[in-house]
Protein chains: 2
Amino acid sequence: MKKSLGPGTLAQPTPVWVVGSYDMEGRPNMMTIAWGGICCSKPACVTVSVRKERHTYPAVMARKAFTVSVPSQAHVQEADYVGIVSGAKADKFAATGFTAVKSGLVDAPYVQEFPLVLECRLLQAIDLGAHTQFIGEILDVKAEDSILDADGHIDMRKLKPILFAPGSSNYYGVGELLGKAFSLGKAIAG
Amino acid sequence: MKKSLGPGTLAQPTPVWVVGSYDMEGRPNMMTIAWGGICCSKPACVTVSVRKERHTYPAVMARKAFTVSVPSQAHVQEADYVGIVSGAKADKFAATGFTAVKSGLVDAPYVQEFPLVLECRLLQAIDLGAHTQFIGEILDVKAEDSILDADGHIDMRKLKPILFAPGSSNYYGVGELLGKAFSLGKAIAG
């Protein structure tokens, strides 16, 4: 029996991604978001939603660029910190000891210590209410060798990205391999 | 050392959600997507991206409505099937044995057998290229009692949603609890 929980942002799971930008004073900044996802295959695009009050908002709008750095679960504490504290009040790179690397493709920094990075050019900023959705074209994806499998694909069990559960506000890791997409279902297709 | 993988939709992880709609003949249909996420807190909005060629596209455009049903990993085979086969060629509810429930709030059906459902009113359809991004206002969230924790929140370890890994096309389950958001990072904030 299903119970109504009312309107709410309770889709599960959501990712834990760190958005990198240069702020209005040119300082590298980062913020953690869970409202985001892939939104188009060609051009390859990713979306991240940010409130207008956030330090990241004018930064992305001004330079039309951002990065998405994907933390491993070993950095869950730092990723949470980056989501709690404003870049207006603290140098979050200094506080975490992380290294800001200037992207060679877009005018934004990424987090060297995180194993997966997307460098994005801002395509659209869609004001939806509390949040503005930034749609970025992914100009390059950079990954540590250590998270790639034998075929050169990102291995999620090596990357160990973090999941966020809206509602409970719990973080979870990635679990067991369940199988191959575009393959498992063929038995039903017959 | 980071290696360039080129532009691509390689953000990790992405969700596995089933989008429900009534097709142009009024038949309930569903398709599996991994390009989506939450995009705004107020109004609560979720985004799902669909190619124009898909059977779901004109259905959502015509009725300005869709649902998101979140499968548990027990239904990973069915969820994959629903992403492989077109509703133009098969009755996917019949093939899977799933039950289409007409939403009382929007003109779209959801999957009774899946433990979590979002009922959405189409707010915007943004053509990005290969995909159109549907932004839906979440009018209600419905969850099985069995996936709620003692506080009434969705328990991701009970829901057991499926993750999709772009690149490898592997499906994964949810792993261990890593901690509480807006809390873990306080030690660094000092």
Which of the following residues is within 7 Å of chain A (Cβ to nearest Cβ) and among the acidic types (D, E): B:E137, B:E176? B:E176
Of all residues in the stretch A:69-114, which are touching a helix residue (DSSP H, G or I) at 6+ places or on another chain (Cβ under 7 Å), of a type in the set (D, E, K, R) and more than 21 Å from A:K160 (Cβ to Cβ)? A:K92, A:D107
Yes/no for A:F93 being over 30 Å from B:A125 (Cα atoms) and either more than 7 Å from chain B (Cβ to nearest Cβ) or of a type in the set (V, I, T) (or both): yes
Of everything in the stretch B:143-166 that's surrounded by 23 or more Cβ atoms within 10 Å (Cβ to Cβ) and not hydrophobic (A, V, I, L, M, F, W, C), which residue is farthest from B:P109 (Cα to Cα)? B:P166
Can you name every residue in the stretch A:56-68 that is more than 21 Å from B:T47 (Cα to Cα) and assigned to a strand (DSSP E or B)? A:A65
So in the stretch B:101-134, with the set limited to residues that are part of a loop (DSSP other than H, G, I, E, B) and of a type in the set (D, E), which one is farthest from the other protein chains (Cβ to nearest Cβ)? B:D107
Among the residues of the stretch A:140-166, count how many are assigned to a loop (DSSP other than H, G, I, E, B), more than 7 Å from chain B (Cβ to nearest Cβ) and aliphatic (A, V, I, L, M). 1
Residues satisfying the stated conditions in the stretch A:181-190, i.e. in contact with a Ser or Thr (Cβ under 7 Å, 6 or more places away or on another chain) and surrounded by 14 or more Cβ atoms within 10 Å (Cβ to Cβ): A:A181, A:I188
Quick one: in the stretch B:34-54, which of the residues that are more than 10 Å from chain A (Cβ to nearest Cβ) and within 26 Å of B:N170 (Cβ to Cβ) is farthest from the chain's Cα centre (by Cα)? B:E53
Just checking, how many residues over the stretch A:167-178 are crowded, with 17+ Cβ neighbours inside 10 Å and either assigned to a strand (DSSP E or B) or at positive phi (or both)? 8
All positions within the stretch A:85-141 that are among the acidic types (D, E), surrounded by fewer than 24 Cβ atoms within 10 Å (Cβ to Cβ) and in contact with a Leu (Cβ under 8 Å, 6 or more places away or on another chain): A:E137, A:D140
Within the stretch B:4-22, tally of residues that are more than 7 Å from chain A (Cβ to nearest Cβ) and surrounded by fewer than 24 Cβ atoms within 10 Å (Cβ to Cβ): 1
Would the stretch A:39-55 turn up any residue that is in contact (Cβ under 8 Å) with a residue 24 or more places away in the chain, in contact with a Leu (Cβ under 8 Å, 6 or more places away or on another chain) and either part of a loop (DSSP other than H, G, I, E, B) or farther than 29 Å from B:V50 by Cβ (or both)? yes
Of A:K89, A:K102, A:K142, which residue is of a type outside the set (A, V, I, L, M) and out of contact with any strand residue (DSSP E or B) (no Cβ under 9 Å at 6 or more places or on another chain)? A:K89
Evaluation of A:G190 against (1) within 7 Å of another protein chain (Cβ to nearest Cβ); (2) modelled with pLDDT under 95 (one fails), failing number: (1)
Condition first: modelled with pLDDT of 95 or more, under 17 Å from the mean Cα position of the chain (by Cα) and not basic (K, R). Can you find one or more residues in the stretch A:179-187 that meet it? no
From the options B:P109, B:P115, residue that is closer than 23 Å to B:A65 by Cα and touching a Lys or Arg at 6+ places or on another chain (Cβ under 6 Å): B:P109
Hits in the stretch B:58-74 (condition: within 14 Å of chain A (Cβ to nearest Cβ) and in contact with a strand residue (DSSP E or B) (Cβ under 9 Å, 6 or more places away or on another chain)): B:F66, B:T67, B:V68, B:S69, B:V70, B:P71, B:S72, B:Q73
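The values are calculated or read from the model by the stated rules, or taken from the named source; none is laboratory data. From a predicted model like this one, the values you see are computed outputs, not experimental measurements. Methodologically, a virtual Cβ is constructed for each residue, glycine included, from the backbone with ideal geometry; neighbour enumeration extends over all protein chains shown.
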